[in-house]
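A quick write-up on the structure given underneath.
The values are calculated or read from the model by the stated rules, or taken from the named source; none is laboratory data. Small disclaimer: the values here were computed from a predicted structure and weren't measured. Here the Cβ positions follow ideal geometry from the backbone for every residue, glycine too, while neighbour counts run over all protein chains shown. Please note that ligands, DNA and RNA were not included when accessible areas were found on the heavy atoms of the full protein model with its side chains. Shrake-Rupley method; radii C 1.70, N 1.55, O 1.52, S 1.80 Å.
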Amino acid sequence: MTAIDGLVLAIDTSTRGGSVAVGDEEGALLEAVHLDPERGHGSDLMLCIERLVPDPARLKRVCVSRGPGSYTGLRVGLATAIGITRGTQASLVGVGSLEAHALAAAPPAASDVAVLRFAFGGQVYAARYDLSRDLPREVEAPTVVPVADAAAWCDGCAAVVGDGKALELVESLEVPLIEGERPLAEAVLRLGAALGDGDEGTGPEAATPLYLRAFEARN
């Protein structure tokens, strides 16, 4: 890391087990750490970031998952990213968690990949992407789909990426089912580093969480 001037930090806390990565300004990974899924994101997130980036002055950009996903996780990740950018003058970039999930787990060059993630309340988060190029292109924007309609929503796709619970809903489909519990911070790094200043996902809207579902209190 010592030979690289500018660094990019990536944070993903959209699921129970999050991750943090640091790379160069081109999005090349330098190091990554997975957070303990049995501990709250707030317990370890800043400790991991401080270890990966001991000199915050070198940060040029902070990329963070903005959802959809865990309400608490997204709030922790976004608040942390905002605080870091305010303290360092690094730019802030928000990345869709389902897009990162697709990039991290989908087969390369797949033209139409569905991403499903269990969302509680009888629903799944869903989106579809074209991965025939270096980075995903949105085919169907992130939405919520009733679990009973998940298989029909994925009809015609080349593969389905998702967590275990979501993939159980589409076992009847004759396409590859690829389990990926966490959209890794490495994918958030690649996606965020590829955005230019002024692109969608940069600027004030970067810190706006994409919840998609009304909040439901849980014990």
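Out of everything in the stretch 38-58 that is touching a Leu at 6+ places or on another chain (Cβ under 9 Å) and modelled with pLDDT under 90, what residue ends up being surrounded by the fewest Cβ atoms within 10 Å (Cβ to Cβ)?
Ser43
I'd like the full set of residues that are open to solvent by 20 Å² or more (accessible area, probe 1.4 Å) and out of contact with any Pro (no Cβ under 6 Å at 6 or more places or on another chain), limited to the stretch 12-32. If you could, list the steps in order and put the result at the bottom.
We begin by selecting, within the stretch 12-32, every residue open to solvent by 20 Å² or more (accessible area, probe 1.4 Å); these are 16, 24-26, 28-32.
The answer is Asp24, Glu25, Glu26, Ala28, Leu29, Leu30, Glu31, Ala32.
Quick test of your reading of the structure: Val124 fulfils all but one of (1) open to solvent by less than 20 Å² (accessible area, probe 1.4 Å); (2) at pLDDT 95 or above; (3) closer than 27 Å to Leu7 by Cβ. Name the failing condition by number.
Here Val124 meets the rest and fails (3).
Go through the stretch 127-176 and give me each residue that's small (Gly, Ala, Ser) and open to solvent by 60 Å² or more (accessible area, probe 1.4 Å).
Kept after step one, since they are small (Gly, Ala, Ser), are these residues of the stretch 127-176: 127, 132, 141, 148, 150-152, 156, 158-159, 162, 164, 166, 172.
Across the stretch 127-176, the qualifying residues are Ser132, Ala148, Ala152, Gly156, Ser172.
Given the criteria among the hydroxyl-bearing types (Ser, Thr, Tyr), in a helix (DSSP H, G or I) and modelled with pLDDT under 95, does Ser14 qualify?
On the way: among the hydroxyl-bearing types (Ser, Thr, Tyr): yes; in a helix (DSSP H, G or I): no; modelled with pLDDT under 95: yes.
For Ser14, the condition - among the hydroxyl-bearing types (Ser, Thr, Tyr), in a helix (DSSP H, G or I) and modelled with pLDDT under 95 - is not met.
Among Gly203, Gly180, which is touching a helix residue (DSSP H, G or I) at 6+ places or on another chain (Cβ under 7 Å) and under 24 Å from Val8 (Cβ atoms)?
Within the list Gly203, Gly180, the selection yields Gly180.
Which ones in the stretch 59-112 are within 18 Å of the chain's Cα centre (by Cα), open to solvent by 20 Å² or more (accessible area, probe 1.4 Å) and hydrophobic (A, V, I, L, M, F, W, C)?
The answer is Val76, Ala79, Ile82, Leu92, Leu103, Ala104, Ala105.
List pairs: first in the stretch 27-40 and over 21 Å from Val93 (Cβ atoms) and acidic (Asp, Glu), second open to solvent by 60 Å² or more (accessible area, probe 1.4 Å) and at pLDDT 80 or above, Cβ under 8 Å, 6+ apart or cross-chain?
The qualifying pairs do not exist here.
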